[in-house]
Amino acid sequence: MRDQDAPAWDAFVAANEAGTFFHRAGWRPIFKKIFRLEPRYLVAERRGAIVGVLPLVLQRSLIFGNGLLSSPFCVEGGPLAADSAADAGLTASAVALMKETGVPFIEFRSRRAGREGWTAKKDLYATFSGPITADDNANLLAIPRKQRAVVRKTLESGLVSEVDPTVDQHFAVYAESVRNLGTPVFPKGYFAELKQVFGTDCDTVVVKDKGVPVSAVLNFYHKDTVLPYYGGGTAGARRNGANDFLYWEVIRRAAKRGYRRFDFGRSKAGTGAFAFKKNWGFAPQWLEYEYYLRDGESLPDKNPLNPKYSLMIEVWKRLPVPVANFIGPFLVRGLG
């Protein structure tokens, strides 16, 4: 893909029913600028028109290994094609690039697996989504009774939300939250770049308790859908349900803007986030990521539930937040 192809690329993504926010061309300069990765975006053309796109990225890490991913840090991003011939062409080009670069695997973050000879993971990640309407009361009643009672209680707690034009409040909350989970944080510049590149299709909602930010999330907007993506809460968020209030406010604000679908993003099976999203009434929709492996290679496993990372995670949880914020960006580029 060339820089000048971006408008046609995005037009193809927008027109394709399976096109997602993560297929958009704006990710390409972000991968290169912020993470210093090597985007190898592939385009299938027929008679001068785009008939397929594949946002492939070459990732190299001494700690976490090398691979070709479509796309790192994203829920989806597998090949998007107008027909089977275009899909086959993109897949063949990806395999050729794998052999050229010498990496041990390709990962397609597909919603449904179906490539012969590839290996699929079907029980690790699920995404959660459902419709929303213009009626706040109808959206509230769509939440299961127990979770709805929690949300109603937060509406009387004095919490307030705002859309922050900067990333400062969001980053402070998010950085503390992921440190507490034992996960390296992204650089602050990443969030600023997301807002710069995607404009009004990206915002941050912050929840405050007595003027203090306690919960925040960065959201993506694509077609008719709002997708809260990078969210977190401080210790203070647990006192009065600030995280529950946060996602209700995302729904309310998005519905007011005309969006009609809420996508809670992906979570790993067996985690608290997975259970939290189910409580809102969304059934898990399992993602089927596909892998093409070099002979003798096994599936990559960067899952934090992997026992090999347990000691690292426990140490990370004890780091002072400023230290974690300094070291994290050097590590996270290899996670994806």
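Compute for the chain: radius of gyration divided by Kirkwood radius, i.e. Rg/Rh, restricted to C-alpha atoms, rounded to two decimals. Please report the intermediate quantities before stating the final value.
Details: Rg = 20.0 Å, Rh = 20.9 Å.
Rounded to two decimals, Rg/Rh equals 0.96.
What residue among Asn137, Asn279, Asn219 shows peak mean-square fluctuation when the chain is described by a Gaussian network model with Cα springs under 10 Å?
Between Asn137, Asn279, Asn219, it is Asn137 that shows the largest mean-square fluctuation.
Determine the principal axes of the Cα atoms in region 25-159, then give the extent along each, sorted from largest to smallest and rounded to whole angstroms.
Largest to smallest, the principal-axis extents are 59, 40, 30 Å.
Tell me the carbon and sulfur percent of the accessible area for region 57-169, rounded to whole percent, probe radius 1.4 Å.
Numbers: 2830 of 5360 Å².
Its accessible area is 53 percent carbon and sulfur atoms.
Among Asp83, Asp203, Asp244, which one moves the most in a GNM of the chain with springs linking Cα atoms closer than 10 Å?
It is Asp83.
For region 216-268, with only Lys/Arg (+1) and Asp/Glu (-1) charged at the beta-carbon, what is the dipole magnitude about the Cα centre, in debye rounded to 20?
80
Quick check on region 31-70: what are the equivalent-ellipsoid semi-axes from the Cα gyration tensor, as sqrt(5λ), descending, whole Å?
Taking √(5λ) for each eigenvalue gives 27, 10, 5 Å, largest first.
Please give the charge dipole size of region 51-206, origin at the Cα centre, charges +1 on K and R Cβ atoms and -1 on D and E Cβ atoms. Round to the nearest 20 debye. Spell out each step's value before the answer.
On the way: 16 positive and 17 negative charges, 132 e Å.
That gives region 51-206 a dipole magnitude of about 640 debye.
Running a GNM on the chain with Cα contacts under 10 Å, which residue among Phe186, Phe220, Phe198 ends up with the highest mean-square fluctuation?
Its mean-square fluctuation being the largest, the pick is Phe198.
Can you give the calculated 222 nm mean residue ellipticity of the chain, where each DSSP H run of n ≥ 4 adds -39,500 (n - 2.57) and the sum is split over every residue, rounded to the nearest 500 deg cm²/dmol? Don't jump to the answer; show the numbers that get you there.
Working: 11 runs with 121 residues, N = 336.
Rounded to the nearest 500, it is -11000 deg cm²/dmol.
Once the dipole of the chain is set up with Lys and Arg at +1 and Asp and Glu at -1 on Cβ about the Cα centre, which of Leu194, Trp9, Pro322 lies farthest towards its positive end?
Pro322
Positive end of the charge dipole of the chain (Lys, Arg +1 and Asp, Glu -1 on Cβ, about the Cα centre): tell me which of Thr133, Gln285, Ala175 has its Cα farthest that way.
Ala175
Calculate I(q)/I(0) for region 62-109 by the Debye formula, one identical point scatterer on each C-alpha and no solvent, and give its log10 at q = 0.16, 0.23, 0.31 Å⁻¹ to two decimals.
Scattering profile of region 62-109, log10 relative to I(0): -0.48, -0.88, -1.16.
Per-residue HN-Hα couplings for region 146-152, Karplus 6.51 cos²θ - 1.76 cosθ + 1.60 at θ = phi - 60°, whole Hz, x for Gly and Pro?
So the J values, rounded to whole Hz, are 5, 5, 4, 5, 5, 5, 4.
Quick one: putting +1 on the C-beta of Lys and Arg, -1 on the C-beta of Asp and Glu, what dipole do you get for the chain around its Cα centre, in Debye to the nearest 20? Don't skip to the answer; put the middle values down first.
On the way: 46 positive and 34 negative charges, 160 e Å.
The dipole magnitude comes to about 780 debye.
How much accessible area per residue does region 190-336 have, counting only protein heavy atoms and a probe of 1.4 Å, in square angstrom?
On the way: 6730 Å² over 147 residues.
For region 190-336, the per-residue accessible area is 46 Å².
Per-residue HN-Hα couplings for region 274-290, Karplus 6.51 cos²θ - 1.76 cosθ + 1.60 at θ = phi - 60°, whole Hz, x for Gly and Pro?
4, 5, 4, 5, 4, 4, 7, x, 9, 6, x, 10, 6, 8, 10, 6, 10
Lys146 versus Ala18, label points 7 Å from Cα toward the beta carbon: distance in nm?
Between Lys146 and Ala18, the simple spin-label model gives 3.6 nm.
The values are calculated or read from the model by the stated rules, or taken from the named source; none is laboratory data. None of these values were measured; they are calculated from a predicted model. FYI the Cβ positions are ideal-geometry reconstructions off the backbone, even for glycines, and counts take in every protein chain you see. Surface areas here come from the heavy atoms of the whole protein model, side chains and all, with no ligands, DNA or RNA. Shrake-Rupley method; radii C 1.70, N 1.55, O 1.52, S 1.80 Å.
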